[in-house]
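The values are calculated or read from the model by the stated rules, or taken from the named source; none is laboratory data. Since the structure is predicted, the reported quantities are computational estimates derived from the model, not experimental observations. No Cβ is skipped: glycine too gets one built from the backbone with ideal geometry, and neighbour counts run over all protein chains shown. Only protein heavy atoms, including side chains, enter the accessible area calculation; ligands, DNA and RNA are left aside. Shrake-Rupley method; radii C 1.70, N 1.55, O 1.52, S 1.80 Å.
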Amino acid sequence: MSDATIICCALTGGGDTVGKSRAVPVTPEEIASSAIGAARAGAAIVHIHVRDPATGKPSMAPEHYRETVERIRASGVDVVINLTTGAGGRFVPDAEDPMRMGKGSTLSTPARRVEHVLELKPEICSLDMGTINMGDFVFVNTPGQIAEMASAIEAAGVVPELEVFEAGHIMLARHMLETGAIRRHPPLFQICLGVRWAQPATVEAMAYMRSLLPADAIWFAFGVGPGQFPMVREAVRLGGNVRVGLEDNLYLDRGVLAPDNASLVARAVREIAELGGRVASVAEARTRLGLA
């Protein structure tokens, strides 16, 4: 077990959680405020999606990312910013013509999916390492698309966080690291567990996924829904780092909605302390992750 665990907080995501909890931040101001609260509670990293302020639906609008990031940077609160590139990968086939995108699809080009990253240059951005069935849609990330996005991300001086939902995603990541399609060493991985139709949020799944990582990998893990805090504890036991937040889980305890992201971070801090660990500061996180 590592004696300094880095906490990442995933603030809002792109799912249909807005109607299920009033705590999920929607506007750039709300997302930025939630990031600041999470940082003050102990998160060294905040993972950011944005939403349409009028509808609460997921958005790819550069102006929403820009306002959110600028508000965080202007706050004076130090935290590592991690922007998503997952938006733009959703495919729902049209019921009449499966060759066409149906309602709910968001498929975009690799260039479109990283344009906010190239503009805002966060220290980290996510890079999804494969295609999966995700609930009722397909989350599309082909090897060619991933390589194009990785090249642009790394050219901008941003560290890609390799999100892996299945064992095959790790194998593709290893291949791309070995061939130089992804150049970041040591690589940074996020093990994503409990997403419907991908690896479950279990002790066995985490141990297996961890066993496939490159020996020098720095890794985080999270569990969706009720798996959030069991996976926090298991990641700490295995020497990894953790992710919590309203993107992945709305509840602080069984039947108790979390009032904000900061409360989920605070519980993660307690869980880590109860296991005999401690939480890494932002400065420690930057040093361990090799950030500027």
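Based on every Cα atom in the range 174-292, Rg and the maximum pairwise Cα distance Dmax equal 15.0, 47 Å.
The residues of the range 169-292 present an accessible area of 43 Å² per residue when probed at 1.4 Å with all protein chains retained.
Rg/Rh for the range 90-153 (Cα atoms only, Rh after Kirkwood) is 1.03. Just checking the listed ones, Gly277, Gly102, Gly56: in the Gaussian network model of the chain with Cα springs under 10 Å, the one fluctuating most is Gly102.
May I ask you to give the solvent-accessible area per residue for the range 32-134, in square angstrom, as obtained with a 1.4 angstrom probe? About 43 Å² of surface per residue is accessible.
Which sequence of Leu291, Leu127, Leu257 reflects their accessible areas, 1.4 Å probe, from the largest down?
Leu257, Leu291, Leu127
Springs join every pair of Cα atoms under 10 Å in this Gaussian network model of the chain, and among Asn241, Asn133, Asn141 the largest mean-square fluctuation is at Asn133. Of the solvent-accessible surface of the range 144-292, computed with a 1.4 Å probe and all protein chains present, 56% belongs to carbon and sulfur. The Cα atoms of the range 1-119 give a gyration tensor whose axes a ≥ b ≥ c have a/c of 1.5 or more with a/b greater than b/c, which makes the shape prolate.
Loop-located trypsin sites (Lys or Arg not before Pro) in the range 104-184 (DSSP state other than H, G, I, E, B) with a sparse environment of at most 16 neighbouring Cβ atoms within 10 Å: Arg183.
Shown for the chain is the translational diffusion coefficient from the Stokes-Einstein equation, using the Kirkwood radius over Cα pairs, a temperature of 37 °C and a viscosity of 0.692 mPa s: 174 µm²/s. Over the chain, dividing the summed -39,500 (n - 2.57) contributions of all DSSP H runs of at least 4 residues by the number of residues returns a 222 nm mean residue ellipticity of -11000 deg cm²/dmol. For the range 123-223, the convex hull spanned by the alpha carbon atoms encloses 88 Å³ per residue.
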